[in-house]
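Just so it is clear, none of the values below were taken in a lab; they were calculated from the coordinates. These numbers were taken from a predicted model, which means no experiment stands behind them. Because the Cβ atoms are built from the backbone with ideal geometry, glycine has one as well, and the counts that use them run over all protein chains shown.
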Amino acid sequence: MSPADLAIETHGLSKTFGRQRVVDDLALAVPRGSVFGFLGPNGSGKTTTIRMLLGLASATAGEIRLLGDPIPDAAAEVLPRVGALVEGPAFYPFLSGRANLRRFDTADRYAPSATRAARVDAALDRVGLGQAAGKAAHAYSLGMKQRLGLANALLTPRDLLILDEPTNGLDPQGTREVRTLIRSLADDGATVFVSSHLLAEIEQICTHIGVMSAGRLVAQGSLDELRAQGTARVTVHTPDREHASGVLASLGLAPDHSADDTVAAELAPGMLPETVTEALVLAGVRVRGLGVAGASLEDRFVALTGEGFDVAG
């Protein structure tokens, strides 16, 4: 993929605090128009990476390009085209949600004042805060503050959205609405970079994924590519469980029993399900059913990082 096709590109990006390297030799490649899930356990370096991408923290080493231009050198030209929600939004507590957004928009020298009121109201409506626009920010719940932060990122058209844990604090309905919003932003042509520790969220909304572990990028690619890298698993339903287990073992597999009439095993690399079916039939095993499934993303990520992920939140 050429640099022109990438919304975010880094090479050798590293960040050290004292003797601790929290981001190590990061090489991100985020395609334009994608919804890119930046996934990893808490403490894996995701937020530090985002802060460097946005010029909020300096890199110890490496290069960053956003929308084709270098950061921080071209930050003044590039960042007006980038919307961001990082580490939870902060607002003036005694101003209303609408007044907060108007103040933030006033501080943006690139934002046209003539359309300010209309843009603020449109952003509030888009994140579901139209009815609460006049309420003081200190009375907002955590989820409402998160929505207000998203509205702030949407005040002007953006080519790139960088969102750090955008569903934090939201109830299930709010989470679904944010998923729909992210998809709509991508449909409008924006690239959306979403950091999360919630595997289920990333899997539902993203086209591409990068996986962080202990400051290093251990995998990246399209969702389908990462799924394909996992190991397939065959499940045999049979009344001849012990006989079937012996056949699978003879093929070099390691069978296990999840139910009285079920035997399952991970397929060896390159082994076809047809090979297993043929061996079972030739051995006289009575097969009631046979299924093959790829490894789940959860299995794949645990194998990559050695850690579990919060699947449901």
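A few notes on this one:
- Degrees separating the helix 116-126 axis from the principal Cα axis of the chain, which is the longest one: 20 degrees
- Dipole of the chain, positive end: most advanced residue of 207, 37, 88 [Cβ charges, Cα centre]: 88
- Burial order of peptide ranges 144-153, 283-292, 215-224 (average beta-carbon count within 10 Å, highest first): 144-153, 215-224, 283-292
- Under a model in which nothing but the beta-carbon of Lys, Arg (+1) and Asp, Glu (-1) is charged, segment 233-294 shows a dipole of about 80 debye around its Cα centre.
- Placing unit charges on each Cβ (+1 for Lys and Arg, -1 for Asp and Glu) gives the chain a dipole about its Cα centre, and among 182, 143, 218 the Cα reaching farthest toward its positive end belongs to 143.
- Against the main long axis of the alpha-carbon atoms of the chain, helix 241-250 sits at an angle near 80°.
- Of the residues 27, 257, 70, the one whose Cα sits farthest toward the positive end of the charge dipole of the chain, with +1 on the Cβ of Lys and Arg and -1 on the Cβ of Asp and Glu, is 70.
- Charge tally in the Cβ shell below 10 Å around residue 21, where Lys, Arg are +1 and Asp, Glu are -1, residue 21 excluded: +1
- Derived scalar couplings between HN and Hα for segment 153-162 equal 5, 9, 5, 10, x, 10, 8, 9, 10, 10 Hz in order, rounded to whole Hz, by the Karplus curve 6.51 cos²θ - 1.76 cosθ + 1.60 (θ = phi - 60°), x for Gly and Pro.
- Evaluated with a Cβ-only charge set (Lys, Arg +1; Asp, Glu -1), segment 168-289 carries a dipole of roughly 120 debye about its Cα centre, given to the nearest 20.
- Gyration tensor (alpha-carbon) shape descriptor, segment 233-294, a/c threshold 1.5: rounded
- Cα-centre dipole for the chain with unit charges at Cβ (Lys and Arg positive, Asp and Glu negative), debye to 20: 1320 debye
- Cα Rg over Rh - the chain, Kirkwood: 1.10
- Per-residue Karplus couplings for segment 164-181, computed as 6.51 cos²θ - 1.76 cosθ + 1.60 with θ equal to phi - 60°, are listed in order as 9, 6, x, 9, 4, x, 8, 6, x, 5, x, 5, 4, 5, 5, 4, 4, 4 Hz, Gly and Pro entered as x.
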